[in-house]
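Data first, discussion second: the structure below is written as structure tokens.
The values are calculated or read from the model by the stated rules, or taken from the named source; none is laboratory data. Bear in mind the structure is a predicted one, so any value in this text is a computation, not a measurement. With ideal geometry, Cβ positions are generated from the backbone for all residues, glycine too; neighbour counts draw on all protein chains shown.
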Amino acid sequence: GAVVSQHPSRVICKSGTSVKIECRSLDFQATTMFWYRQFPKQSLMLMATSNEGSKATYEQGVEKDKFLINHASLTLSTLTVTSAHPEDSSFYICSARRQGHSYEQYFGPGTRLTVT
Amino acid sequence: QKEVEQNSGPLSVPEGAIASLNCTYSDRGSQSFFWYRQYSGKSPELIMFIYSNGDKEDGRFTAQLNKASQYVSLLIRDSQPSDSATYLCAVTRPGDTGNQFYFGTGTSLTVIP
């Protein structure tokens, strides 16, 4: 149990376009989902926390108008990178916290975004 | 001061030895402590979590927590080449949205056959 999927696993887009990444909890309901970004040889940096049915909370320095997060259901959260630029190229990973299990987070497999 | 600090390594141990990974954290309000393993190009996978002072064992892995010293460690017994990865320490503390994770930068472990 506790499987989280992400789609797509890899995406290449042109500068100025938008990209949507989906994060799904497959076998449990996730009240909270987290979005992280990881640059090469660096640790995970929390970008935002999303709770189902409410607005996401963004970490300091993360532009909420650029990284749009929607958590429309207990099993799906989406991250849209708007007007992507090459510096947005990174590994984006979501995680989900299982309803009733307050501390454990389960990570998706990640999405490798390359902006050309 | 970083929330969570780890020695970046690389740490190399021979196959069959004990690997010891260390992590310190700055906020005494931290409540829960996690060790994740991350292979290159992959997302982290949970190895162990610990909430209370002392040791917690799971197979070849032992997590040790000392809240007074704000220190958590992971011991890997009988290290295998497949244990070669980056190990991330994460801690939680109450936040506005409930228990955000704060990750260290990770320790790279290489187990030499």
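Here are the numbers for this structure:
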| item | result |
| --- | --- |
| B:Y87 being buried (at least 22 other Cβ atoms within 10 Å of the Cβ), in a strand (DSSP E or B), within 14 Å of chain A (Cβ to nearest Cβ) and not hydrophobic (A, V, I, L, M, F, W, C) | yes |
| Residue in region A:86-95 that is more than 8 Å from chain B (Cβ to nearest Cβ), over 29 Å from B:I50 (Cβ atoms) and in a strand (DSSP E or B) present | yes |
| Of residues in region B:90-107 being more than 9 Å from chain A (Cβ to nearest Cβ) and outside any loop (DSSP other than H, G, I, E, B), the one modelled with the lowest pLDDT | B:R93 |
| Filter result for A:K20 (surrounded by fewer than 18 Cβ atoms within 10 Å (Cβ to Cβ), in contact (Cβ under 8 Å) with a residue 60 or more places away in the chain and under 11 Å from the mean Cα position of the chain (by Cα)) | yes |
| Top-ranked residue of region B:1-50 - restricted to ones that are basic (K, R) and surrounded by 14 or more Cβ atoms within 10 Å (Cβ to Cβ), ranked as nearest to the other protein chains (Cβ to nearest Cβ) | B:K42 |
| Which listed residue is under 22 Å from A:A72 (Cβ atoms), within 14 Å of chain B (Cβ to nearest Cβ) and exposed (fewer than 13 other Cβ atoms within 10 Å of the Cβ), from A:K55, A:K41 | A:K55 |
| Residue check, A:S102 surrounded by fewer than 16 Cβ atoms within 10 Å (Cβ to Cβ) and at pLDDT 95 or above | no |
| Residue in region A:61-70 that is in contact with a Leu (Cβ under 7 Å, 6 or more places away or on another chain), surrounded by 13 or more Cβ atoms within 10 Å (Cβ to Cβ) and not in a strand (DSSP E or B) present | no |
| Of residues in region A:1-17 being loosely packed, with under 13 Cβ neighbours inside 10 Å and not in a loop (DSSP other than H, G, I, E, B), the one nearest to the chain's Cα centre (by Cα) | A:R10 |
| Residue within region B:52-62 that is facing chain A (nearest Cβ under 10 Å) and outside any loop (DSSP other than H, G, I, E, B) present | no |
| Test: residue in region A:6-22 that is in contact with a Gly (Cβ under 8 Å, 6 or more places away or on another chain) and within 30 Å of B:S108 (Cα to Cα) | yes |
